[in-house]
């Protein structure tokens, strides 16, 4: 498909280029996003398997936790950028899925308490209601604590 670039913009962090394109055959316009490919560590899963670090897998889990919450796509993208940057800057060649999950949990805790609880309840696999309630009590206690 032949197309031409109509407009290009770089995001505020300078790591993504958004391009508006137009198909030369039908005239339809569409958007592409270009991201600099980074060297990300391999992920060691709980069962010992190794996989490539996949931003989209993390995104899917976060998106599910943020459903019906007042959280914008930009906020989710920023959270993902923070997680990705953290592991890039660590310089590690391999990281555990557990450490990625813990980083996401920390970022969600700062963003939205409900999304945090949703993600943590799946990620941490609470064994029973008492563990879940204990987590909620900790959130409420920290919320009421003076800053």
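The values are calculated or read from the model by the stated rules, or taken from the named source; none is laboratory data. Not measured: the values here are computed from a predicted model. In this analysis, Cβ positions are derived from the backbone assuming ideal geometry, glycine residues included, and neighbour counts consider all displayed protein chains.
Picking from residues in the stretch 23-53 that are part of a loop (DSSP other than H, G, I, E, B) and under 19 Å from the mean Cα position of the chain (by Cα), the one that is surrounded by the fewest Cβ atoms within 10 Å (Cβ to Cβ) is 37.
For the stretch 77-90, the condition of being touching a strand residue (DSSP E or B) at 6+ places or on another chain (Cβ under 8 Å), loosely packed, with under 14 Cβ neighbours inside 10 Å and either assigned by TED's automatic domain parsing to the domain that holds residue 14 or within 26 Å of residue 15 (Cβ to Cβ) (or both) holds for none of the residues. Criterion applied to 126, 132 was being outside any helix (DSSP H, G or I), modelled with pLDDT under 90, surrounded by 14 or more Cβ atoms within 10 Å (Cβ to Cβ) and assigned by TED's automatic domain parsing to the domain that holds residue 57, and the one residue passing it is 126. What about residue 68, is it in contact with a helix residue (DSSP H, G or I) (Cβ under 6 Å, 6 or more places away or on another chain), in the same structural domain as residue 123 (by TED's automatic domain parsing) and either exposed (fewer than 13 other Cβ atoms within 10 Å of the Cβ) or at pLDDT below 90 (or both)? So residue 68 fails the test. Has the stretch 15-22 got at least one residue that is closer than 18 Å to residue 119 by Cα, in contact with a strand residue (DSSP E or B) (Cβ under 7 Å, 6 or more places away or on another chain), in a strand (DSSP E or B) and without any contact (Cβ under 8 Å) to a residue 60 or more places away in the chain? For the stretch 15-22, residues closer than 18 Å to residue 119 by Cα, in contact with a strand residue (DSSP E or B) (Cβ under 7 Å, 6 or more places away or on another chain), in a strand (DSSP E or B) and without any contact (Cβ under 8 Å) to a residue 60 or more places away in the chain: absent.
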